[in-house]
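Notes to accompany the following structure.
The values are calculated or read from the model by the stated rules, or taken from the named source; none is laboratory data. Please read all numbers here as calculations on a predicted model, not as lab measurements. We place every Cβ from the backbone using ideal geometry, glycine too, and count neighbours over all the protein chains shown. Just the protein is used for accessible areas: all its heavy atoms, side chains included, with ligands, DNA and RNA removed. Shrake-Rupley method; radii C 1.70, N 1.55, O 1.52, S 1.80 Å.
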Amino acid sequence: MLKIESIQNGIVIDHIPAGKGMDIYKLLELDSQKQSIALLQSVRSEKYGCKDLMKIEGLTEPERLEVLGYLNDGVTLIVIRDGKVVKKYHPVPPRTLKM
């Protein structure tokens, strides 16, 4: 089994539909970031069968996380500070999108 370290500070994007993790990576323009990012694809899940998962290390959260609410209402954002979960929520899509 693949083992990925837990993050001390950052955000976890969980319950991404299987195969959509790279789309979210591109949508959030994470390739231009200087943070450590782990993208796990096709992770086994009892509840979802199979899912993607992303861990983004750092104190700066990616911009536009709220747009993930448009993609799937099951996506969960988990904010980690000092190794502990401080907030866990489903992103609420904005009323209007800014390009």
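For the reader, a short list of remarks on this structure follows.
- Note that the range 37-49 has calculated 3J(HN,Hα) couplings of 9, 10, 10, 9, 10, 6, 7, 5, 9, 4, 6, 10, x Hz, one per residue in order, obtained from phi through the Karplus relation 6.51 cos²θ - 1.76 cosθ + 1.60 (θ = phi - 60°); glycine and proline are x.
- Evaluating 6.51 cos²θ - 1.76 cosθ + 1.60 at θ = phi - 60° for every residue in the range 55-64, the Karplus couplings come out as 10, 10, 7, x, 7, 9, 7, x, 6, 6 Hz, glycine and proline recorded as x.
- Solvent-accessible area per residue, Å², over the chain with all protein chains present [probe radius 1.4 Å]: 70
- The 3J(HN,Hα) values that the Karplus relation (6.51, -1.76, 1.60; θ = phi - 60°) gives for the range 22-36 are, in residue order, 5, 4, 5, 4, 6, 4, 7, 6, 6, 5, 8, 8, 10, 9, 6 Hz. Gly and Pro appear as x.
- Normalised alpha carbon radius of gyration of the chain [divisor 2.2 N^0.38 Å]: 1.03
- Solvent-accessible area assigned to carbon and sulfur over the chain amounts to 51 percent, based on a 1.4 Å probe.
- Simple spin-label estimate for C50 and N9 gives 3.7 nm between the two label positions (7 Å along the Cα-to-Cβ direction from each Cα).
- The three principal axes of the Cα atoms in the range 47-99 give end-to-end lengths of 34, 31, 15 Å, sorted in falling order.
- One Cα centroid belongs to the range 82-97, the other to the range 15-72; the line between them spans 13 Å.
- Distance violations [Cα-Cα > 18 Å] among K3/K87; K26/K47; K55/K87: K3/K87; K26/K47
- For the range 1-55, the spread of Cα positions along each principal axis, largest first, Å: 32, 24, 16
- Per-residue SASA entry for T96, accessible area with 1.4 Å probe, Å² rounded to 10: 100
- Between H15 and T76, the built amide H atoms are under 5 Å apart, and every one of these is 5 or more places off in sequence or on another chain.
- Contact order relative to length of the chain, as percent, for alpha carbon pairs under 8 angstrom and 6 or more apart: 35
- Using a simple spin-label model with pseudo-atoms 7 Å out from Cα toward Cβ, A38 and T76 lie 1.7 nm apart.
- Charged side chains reduced to their Cβ positions (Lys and Arg at +1, Asp and Glu at -1) give the range 1-70 a dipole of some 260 debye around its Cα centre.
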